[in-house]
Amino acid sequence: MSERLRKAVTKEKLFIPFITAGDPTIEATIELALSLERAGADVIELGIPYSDPLADGPVIQAASKRALTAGMTFAKALEMVSKLRERGLNAPVILFTYANPLLQYGFTQFVNEASAFGVDGILVPDLPFEESEEFGDICAKEDLALISLVAPTSKERVEKIASSAKGFLYCVSSLGVTGTRNELHPDLKQFLQVVKNSASIPCVVGFGVSQADQVEEINRYADGVVVGSAIVKQIGSLTNELSQPESRSAAVAKVEAFVKQLHQPVASR
Amino acid sequence: MSERLRKAVTKEKLFIPFITAGDPTIEATIELALSLERAGADVIELGIPYSDPLADGPVIQAASKRALTAGMTFAKALEMVSKLRERGLNAPVILFTYANPLLQYGFTQFVNEASAFGVDGILVPDLPFEESEEFGDICAKEDLALISLVAPTSKERVEKIASSAKGFLYCVSSLGVTGTRNELHPDLKQFLQVVKNSASIPCVVGFGVSQADQVEEINRYADGVVVGSAIVKQIGSLTNELSQPESRSAAVAKVEAFVKQLHQPVASR
Amino acid sequence: GRFGEFGGQYVPETLMSAIEELEIGFNEAIVDTAFQSELAERLADFAGRETPLTFAENLSREIAGAQIYLKREDLVHTGAHKLNNALGQALLAKRMGKQKLVAETGAGQHGVATATVAAKFGMECLIYMGEEDMKRQQLNVLRMELLGATVIPAVTGSKTLKDATNEAIRHWVAHAEDTFYLIGSVVGPHPYPKIVRTFQRIIGDESRKQFINQTGKLPSSIVACVGGGSNAIGMFYPFLADVDVDLIGVEAAGLGVNTHQHAATITKGSKGIIHGSLTYLLQDEHGQITEPYSISAGLDYPGVGPEHAYLADQNRVEYKAITDLEALDALKKLAEQEGIICALESAHAVAEALKEAKKRSAEETVLICLSGRGDKDMHTLQQRLKEEGNHV
Amino acid sequence: GRFGEFGGQYVPETLMSAIEELEIGFNEAIVDTAFQSELAERLADFAGRETPLTFAENLSREIAGAQIYLKREDLVHTGAHKLNNALGQALLAKRMGKQKLVAETGAGQHGVATATVAAKFGMECLIYMGEEDMKRQQLNVLRMELLGATVIPAVTGSKTLKDATNEAIRHWVAHAEDTFYLIGSVVGPHPYPKIVRTFQRIIGDESRKQFINQTGKLPSSIVACVGGGSNAIGMFYPFLADVDVDLIGVEAAGLGVNTHQHAATITKGSKGIIHGSLTYLLQDEHGQITEPYSISAGLDYPGVGPEHAYLADQNRVEYKAITDLEALDALKKLAEQEGIICALESAHAVAEALKEAKKRSAEETVLICLSGRGDKDMHTLQQRLKEEGNHV
């Protein structure tokens, strides 16, 4: 694990926003990522768009489509992280992508470049425990954290996943795909207790988190939250402004304000 | 057999035109029937229209449809014959109809009325030898001739049909339905020879006769011809004129001239 | 050649020798074991017989009356029982040395079956079809053409089945020497009703054997739809002597038997002659044949097979009528409950069978002849359901 | 859970327990004689198995090469081999206590099969279908709705099969506890390819027995079309050990394998991960999955079953590609010569089989898996023939 990530996850309550790389442009993503850090992000999750994002709901699917149409690729996403580091981003960056584009890029090449360009971890939702050994080994060599997910349905699987997980453990708050939901799963608390019993790393909750009060409630049981669709939706509604250099800063400021407000419960502790 | 028919069929070459009763109106049919006699008809065949005239081609089907639409029925057709006799028609009248409307009218009632109203014979194309015993007996009681058909395919059937036939024997010149044809069946001569060997009554040829030279040719081997579709087609083309009292006589005169010209080969012998 | 007073040979003299030849040819074929074994082989290897007997468990449970069984003629190649007969007659035509087939078709099912056997046996094939029906059933026209048949529009009369039949018979009259008229139902002049019954009785023969195998007894009641009536005769015939088996033929009541829009020939018709035989038919007081109506093209025929007329007069078969709406409801119910979308024709039998089953106890059984599948009716259903403003 | 390097379980963690539960449920069911005998009974009494093996006498004569035989999956209830698998999986779902089925469908055949078994077993049924496909296949949408299923448009991506599959899997992810994902082909994460193969191998098992009965030997060559590849695996599997039997899978070449408009996954694709398994697929250099194309909706899929990828790499099965035009010609030829209008999918197999038969002697034989009937394709054919200005 990178020193950056190791240090970041020692914080009591992690706040991990997600945005899609290249939505709507590379320049916008760079500004947005920097603004997320200003808004209090402890870790930034950066999605590399894919044609068939099986684990994502309609909001992130739409963002992926916008980014792909604008020409986003694996190589450009890696380069973007390098630019973010040049621009002074300190927060660890976790790339979120799917197994097929990763396989086509090449596991080793990807890990080498990611590590060299300042990436700290990677999350591949369709590479479950059973399929991740080879890739996990390659990541481990370069101190890249392969982030694992557990779900309320994981049951007996939790222990084996948790025991080998790196960085932080991504706990899926509800069944289904990514997306905003008004209510949290009723058994969330119990599920988190089970997970925390097995995990020696922070357990953060994602999928469906969209409101500040949800963030607050989750943080009562969890070690942090991932907020994706709610932010991506905001970005989607500002596509035109974010695309034009002259209106970009104002739009980025709007996103930053929204994220700050989401992060309020964590910041005000 | 009626005296009228008995006398008529003694003529050397019979000329038998066919028209559809009520096409386009009852009045027109009366005028047309009288004109046929003027044009040289030895016997007049009068079709009673039927919804499903299986043995007829498109020309007579269309005439049947016109007559039915104008309201022609069995009762009216019989009444029309009575009017024709009042108007002085001398030629024997053969009604042409199908088995089903005949059955509905009632065999006995029909035969009684037909005989009383001056009908001399009846031809039912879908009542072949095997199905005609009952009706034939009823006809015989009233001296109504049930006209029989023979076809080139009748073969061994010719003898039994010919031996019990009344009035004249209707020989189908070619396979198929009624209608005008440009060429006669190549085996017609041979077929007629077979028929004449079995028949003791005149053998006339129908189906497909439309031109004066055909009439002439047929009369070389046969005892006469039936001409239907060619005349009905003429009548069909004069529907409007025949329907209006003021233009009717001129239209009837046209049909008369046409029939005269067809009859020319017989008349000029 | 008669069923009691019904049947006969009311055809033009031109056809009489062809009919005599047909009777001789049929009588020879039917005792020829080579013919019989080729037919049996084609029915199995080409048409996919035997067809299953399916227990309608969900309908039976819901009705809570008799146990309901379905004879699955919908699974025969080309989608209905029609092929049983087309195969038999085409083999007969071949045996009689005729290389051309002519037939009429209403909705197109018999036309497709005839075109299919013509293709398989390398015969020429002419199909007459009402011009109106050709428009309504474009896809069946395409199927026939793909099978190599020539489809000729019948432009007389109402341009539907009755007119197509007239045209096919007219064509046959003119070409009887080299052409076999492949009639699609148990109608027409003798010996056709007998020929078609002989080729369709496999439905009843199989059913009888299967029913005894599966239930240990004969059905209490058997229900089949009746247009011309070939699936019904095929199903009923082997059970005629089983006097304890109630037989029910179901005609199309269209908009209702008290309207003028129906095809309930036995229920509402009178004796008369149509297409060569004496039977019940729909006609006016002058003996002019009237236009029948049913949502189901296959039942939309003004006559009925003469043997049905006889069985009705003998009270051996009871004839009922089912309206368009009842048939549609039955079609939906069978689809939802048993996973089978049947033909609109067959849906008439289903509707009546549900009534029949309701009257009976759980120890009794009702057998339905499911004569065809519903694929051909999807356009009609789509339109009807749209009109109802009822998205199923 | 792999075929060589192919297959696997590339699915979100959320599904892993469902997949584990499925594997356990399947392994238990498959050794349960009560399960096996209920399945066998349903296949016979409901689906209409066994399906015949038809000798294509006219095609064989014309080609003057090998003797050609057709395995008639077109005669299975609902019109294709799809029901074999749907019946098996629905019974498995019932046995596992799931009362809801979810599936995706392209042209609608698998959707109709799934809706059919859901109706028969009284289960809830959700079918995802691309919005574009719903427009193109309105009648199949109606069929599913008549069968009581809810059809949900997939509005993402190109709004066709791949997107419907994504949506069905997304639904399953959210409802795995009470919902069974009834996959339609030998694709998806382990154990699906094995489950579907197990339920489809009845095609090959029956064929092997019938072929030996009818000809006294095994076929020289067997040809089947490959989209996901379930009819092909079902047919090939029981012959894999018969090394003298040549096996040929036929992909859709669309407008040609050298254009971008094809679905020839093995012929032209590369290794990758799609819908949970490692296999060959059509993708760009960045691993983005590309849109396939074929006139046949059932072959229009960018991936292929992982076992096919394995069999291709092992050279046990040879994979060829047939264009739209070749398939259309084969469809017409089969219709005209043998009286069978097959599905456009199956026509790809027919086209390749004719080439194969031509290369062989009269003592050799070619067996075609005729996977479905062509009724569903009549609209497509009508349009194509109209465009060609070629009234058949």
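For this structure, a couple of remarks:
- Percent breakdown of C-alpha pair distances by 5 Å bin, ordered from the shortest bin, for the range B:17-138: 2, 12, 23, 25, 21, 13, 4, 0
- Size of electric dipole in the range D:7-131: Cβ of Lys, Arg +1 and of Asp, Glu -1, about Cα centre, debye, nearest 20: 300
- Radius of gyration and Dmax over the Cα atoms of chain B, both given in Å: 16.9, 53
- Summed over all non-identical Cα pairs, the Kirkwood treatment of the range A:1-81 gives a radius of 13.4 Å.
- Backbone geometry of the range B:106-123 corresponds, through the Karplus equation with coefficients 6.51, -1.76 and 1.60 at θ = phi - 60°, to 3J(HN,Hα) couplings of x, 4, 5, 4, 4, 5, 4, 5, 4, 4, 5, 8, x, 7, 10, x, 9, 10 Hz, x marking Gly and Pro.
- Diffusion coefficient (Stokes-Einstein, Kirkwood radius over C-alpha pairs, 25 °C, 0.890 mPa s) for the range C:170-224: 178 µm²/s, rounded to a whole number.
- Label-to-label distance for B:Thr69 and D:Lys209 is 6.4 nm, based on points extended 7 Å past Cα in the beta-carbon direction.
- Axis-proximal residue, chain D, for the rotation superposing D on C (Cβ, Å): D:Asp375, 2
- Rh (Kirkwood; distinct C-alpha pairs) - the range D:278-392, Å: 15.9
- Only Cα pairs under 8 Å and 6+ residues apart enter the sum, and on that basis the relative contact order of chain D stands at 20 percent.
- Bridge orientation summary for chain C: considering DSSP beta bridges with both residues in this region, about 30 percent are antiparallel.
- Of the residues C:Tyr192, C:Gly216, C:Gly228, the one whose Cα sits farthest toward the positive end of the charge dipole of the range C:184-236, with +1 on the Cβ of Lys and Arg and -1 on the Cβ of Asp and Glu, is C:Gly216.
- Calculation over all alpha carbon pairs of the range D:12-74 in 10 angstrom steps from 0 returns a P(r) of 18, 23, 22, 20, 14, 4 percent.
- The rule of thumb for compact globular proteins, 2.2 N^0.38 Å, goes into the C-alpha radius of gyration of the range C:32-176 1.21 times.
- Protein-only accessible surface order, largest first, of C:Glu20, A:Glu246, D:Glu338 at 1.4 Å: A:Glu246, C:Glu20, D:Glu338
- Cross-link table B:Lys13/B:Lys189; C:Lys120/D:Lys217; B:Lys189/C:Lys194; A:Lys166/D:Lys162, entries beyond 27 Å C-alpha to C-alpha: B:Lys189/C:Lys194; A:Lys166/D:Lys162
- Shielding of peptide C:137-150 by partners, expressed as the average count of other chain Cβ atoms within 10 Å per residue Cβ, is 5.
- Per-selection Kirkwood Rh - the range B:1-40 (Cα, Å, 1 d.p.): 11.5
- In whole angstrom, the range D:49-94 maps to an equivalent ellipsoid with semi-axes of 32, 8, 7, each derived as √(5λ) from the alpha carbon gyration tensor and ordered largest first.
- Spin-label proximity, C:Ile30 to the range C:163-205 - amide N less than 17 Å from point 7 Å beyond Cα toward beta carbon: C:183-205
- Mean accessible surface per residue for chain B, computed with a 1.4 Å probe while every protein chain stays in place, in Å²: 38
- C-alpha center-to-center spacing [the range B:190-263, the range D:77-119] in angstrom: 70
- Rounded accessible area of A:Arg87 (nearest 10 Å², 1.4 Å probe): 130
- Split the accessible area of the range D:277-392 by element, probe 1.4 Å, and carbon with sulfur accounts for 46%.
- Accessible area of the range A:1-73 belonging to carbon and sulfur atoms, whole % at 1.4 Å probe: 57
- Residues along the range D:52-96 losing 50 Å² or more of accessible surface when the other protein chains are present rather than the chain by itself (probe 1.4 Å): D:Glu57, D:Leu75, D:His77
- With contacts taken as Cα pairs under 8 Å at a separation of at least 6 residues, the range C:49-177 carries a relative contact order of 20 percent.
- Counting only aspartates and glutamates at least 8 places from D:Lys358 when in the same chain, those with an alpha carbon closer than 20 Å to its own are D:Glu57, D:Glu62, D:Asp244, D:Asp246, D:Glu251, D:Glu318, D:Glu326, D:Asp329, D:Glu336, D:Glu338.
- For chain B: relative contact order, % (alpha-carbon pairs under 8 angstrom, 6 or more apart): 24
- Pairwise burial A:D, computed as accessible area of each alone minus the pair, summed, 1.4 Å, Å²: 2700
- Interatomic Cα distance distribution for chain C, bins of 20 angstrom, percent: 30, 61, 8
- With Cα atoms defining each centre, the range C:350-372 and the range D:316-392 are spaced 41 Å apart in the structure.
- Taken about its Cα centre, the range B:124-269 carries a charge dipole of about 500 debye when Lys and Arg each add +1 at the Cβ and Asp and Glu each add -1 at the Cβ.
- Percent accessible area from carbon and sulfur atoms, the range C:39-147, protein chains only, probe 1.4 Å: 45
- Among D:Thr105, C:Thr380, the sequence by solvent-accessible area, most first, with a 1.4 Å probe is C:Thr380, D:Thr105.
- Between identical copies, the spacing of C:Asp244 label points, each set 7 Å from Cα toward the C-beta atom, reads 5.6 nm from nearest to farthest.
- Entries of C:Lys271/C:Lys332; D:Lys135/D:Lys268; B:Lys65/C:Lys135; A:Lys11/A:Lys260 with Cα pairs more than 26 Å apart: C:Lys271/C:Lys332; D:Lys135/D:Lys268
- Estimated dipole of the protein assembly as shown in Debye, rounded to 20 [Cβ of Lys and Arg +1, of Asp and Glu -1, Cα centre]: 540
- Applying Stokes-Einstein at 37 °C and 0.692 mPa s to the Kirkwood radius of the range D:96-193, computed over alpha-carbon pairs, gives a translational diffusion coefficient of 252 µm² s⁻¹.
- Rounded D (µm²/s) - the range C:262-325, Kirkwood Rh over Cα pairs, Stokes-Einstein at 20 °C, 1.002 mPa s: 179
- Per-residue packing, averaged as other Cβ atoms within 10 Å, sorts the ranges A:97-104, D:209-216 into the order A:97-104, D:209-216, beginning with the highest.
- Placing a label point 7 Å from the Cα of B:Glu3 along the Cα-to-Cβ direction, no residue of the range B:102-145 has its backbone N under 11 Å from that point.
- Working value for the range D:124-283: equivalent-ellipsoid semi-axes of 31, 20, 16 Å, each the square root of 5 times a Cα gyration tensor eigenvalue, largest first.
- Shape of the range C:191-266, Cα gyration tensor, a/c cut at 1.5: oblate
- Secondary structure note: in the protein assembly as shown, about 20% of the DSSP beta bridges are antiparallel.
- Sites D:Glu41 and C:Ala362 - FRET efficiency at Förster radius 25 Å, r taken between beta-carbons, to 0.05: 0.75
- Principal axis dimensions, the range B:184-225 - Cα atoms, whole angstrom, descending: 28, 19, 16
- Per residue accessible area of chain C, 1.4 Å probe, in Å²: 31
- What the Cα atoms of the range D:326-384 give is an Rg and a Dmax of 11.9, 40 Å.
- Projected label points at A:Ala253 and B:Lys11, each 7 Å from Cα along the beta carbon direction, are separated by 11.5 nanometres.
- In this calculation the C-beta distance from B:Glu86 to C:Asp178 is compared with R0 = 56 Å, giving a FRET efficiency of 0.65.
- Per-q log10 I(q)/I(0), the range A:87-146, q = 0.19 Å⁻¹ (Debye; single scatterer per alpha-carbon; no solvent): -0.63
- Within the range A:92-113, backbone nitrogen closer than 15 Å to the virtual label 7 Å beyond the Cα of A:Asp143 toward Cβ: A:92-93, A:112-113
- In units of the compact-protein estimate 2.2 N^0.38 Å, the protein assembly as shown shows a Cα radius of gyration of 1.16.
The values are calculated or read from the model by the stated rules, or taken from the named source; none is laboratory data. Since this is a predicted model, take the numbers as computed values, not measurements. Note that each Cβ is placed from the backbone with ideal geometry, even for glycine, and that neighbours are counted across all protein chains shown. SASA here: full protein model, heavy atoms, side chains in, ligands and nucleic acids out. Shrake-Rupley method; radii C 1.70, N 1.55, O 1.52, S 1.80 Å.
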